[in-house]
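Worksheet for the structure shown next.
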Amino acid sequence: MPRPIRPETTDGLLLVDKPVGVSSHDVVAVARRALGTSRIGHAGTLDPFATGLLVLLIGRATRLLPHLAGEPKVYEATIRFGAETDTEDHVGAVVREAPLPTLAAVHAALPALIGTIDQVPPAYSAKRVAGRRAYDLARQGEAVELAPVPVTIHRWRVDGVVERDGRVESMGVEITCGGGTYVRSLARDLGRSCASAAHLTALRRTTSGPFRVTDAVPLETLQAGGGAVRPPLDALPHLPQQALSDEELAKIVRGIDVAAVVDGPWGALTAPATGALVAVAERERDRWRPRVVMHAA
């Protein structure tokens, strides 16, 4: 069960519902103050204009970041047609205008944006160009040319359409996608594909792998010293669990492999008395080889 945050509670999983107007770095700073620790890692950032789920790992649990299941990701977004901006969202400057599309044109364009596609990231992104962040170059007025990267889009769901004179002015969508996808760029490409222009006016992440924003603590609650931090084991619900005997526990904490009795290429090994996470282990034939050892508590 989640337990109240206290300064001495420094190892575990924390889900935060980020509000609009603050950066992911700001959220991490609040968590550091609330928890009394500087050791915090995050599984994917959100733009300041976006809201929703941030997955944070605290203390020694930061070592679990490579083993998190972060896909699929689910976003709720609002797309406005008729204008494209330099940032591909509503905070940027309009760089191109075009007629509003018909609803039929929008629906006809969506299938090409499903599956594995090549996506050109936005100029205002953290991608590196010759060792520099793309957004730094863009802010200085320099031309930014980013190579397309493959991303996977599993599903679009249209949740609502606002029309004007028989044309689509804005549209609410739910997008299920893989990691590395820029939803801003999906809006841009949808606008172009239906002979129009488009940008995002709202974005909210509701899901990241097994984690849901409905289980997250609001930032204002965290700022007030409330909320819940979960045990490290809660960060790995996708891994099969194997309870260790006392003898196996003594081996694992010294880096010695033990017999694997549950299936899977990776496993979460737990303490016999408490059920706490002791290690993440990789299968080698019929043995578990510890790769991340937490502690024996």
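The values are calculated or read from the model by the stated rules, or taken from the named source; none is laboratory data. Quick caveat: nothing in here was measured; it's all calculated off a predicted structure. With ideal geometry, Cβ positions are generated from the backbone for all residues, glycine too; neighbour counts draw on all protein chains shown.
Part of a loop (DSSP other than H, G, I, E, B), of a type in the set (Gly, Ala, Ser), farther than 16 Å from Leu57 by Cα and at pLDDT 95 or above: does that describe Gly264? Considered against the rule, which asks whether it is part of a loop (DSSP other than H, G, I, E, B), of a type in the set (Gly, Ala, Ser), farther than 16 Å from Leu57 by Cα and at pLDDT 95 or above, Gly264 comes out as yes.
Within the span defined as the stretch 100-109, every residue fails to be in contact with a Gly (Cβ under 9 Å, 6 or more places away or on another chain) and modelled with pLDDT under 95.
The number of residues in the stretch 195-209 being in contact with a His (Cβ under 9 Å, 6 or more places away or on another chain) and either over 22 Å from Val91 (Cα atoms) or aromatic (Phe, Trp, Tyr) (or both) comes to 1.
Restricting attention to the stretch 257-297, the residues that are hydrophobic (A, V, I, L, M, F, W, C) and without any contact (Cβ under 8 Å) to a residue 24 or more places away in the chain add up to 3. Against the condition modelled with pLDDT under 95, surrounded by fewer than 18 Cβ atoms within 10 Å (Cβ to Cβ), out of contact with any Pro (no Cβ under 9 Å at 6 or more places or on another chain) and of a type in the set (Gly, Ala, Ser), how does Ala297 come out, does it pass? So Ala297 passes the test.
Residue count for the stretch 26-65, restricted to those that are touching a His at 6+ places or on another chain (Cβ under 6 Å) and more than 22 Å from Glu220 (Cβ to Cβ): 0.
Would you mind stating whether Val27 is part of a strand (DSSP E or B), buried (at least 20 other Cβ atoms within 10 Å of the Cβ) and at pLDDT 95 or above? Spelling it out, it is not the case that Val27 is part of a strand (DSSP E or B), buried (at least 20 other Cβ atoms within 10 Å of the Cβ) and at pLDDT 95 or above.
Residues that are among the charged types (D, E, K, R), under 27 Å from Gly12 (Cβ atoms) and assigned to a strand (DSSP E or B) within the stretch 64-102 comprise just one, Lys73.
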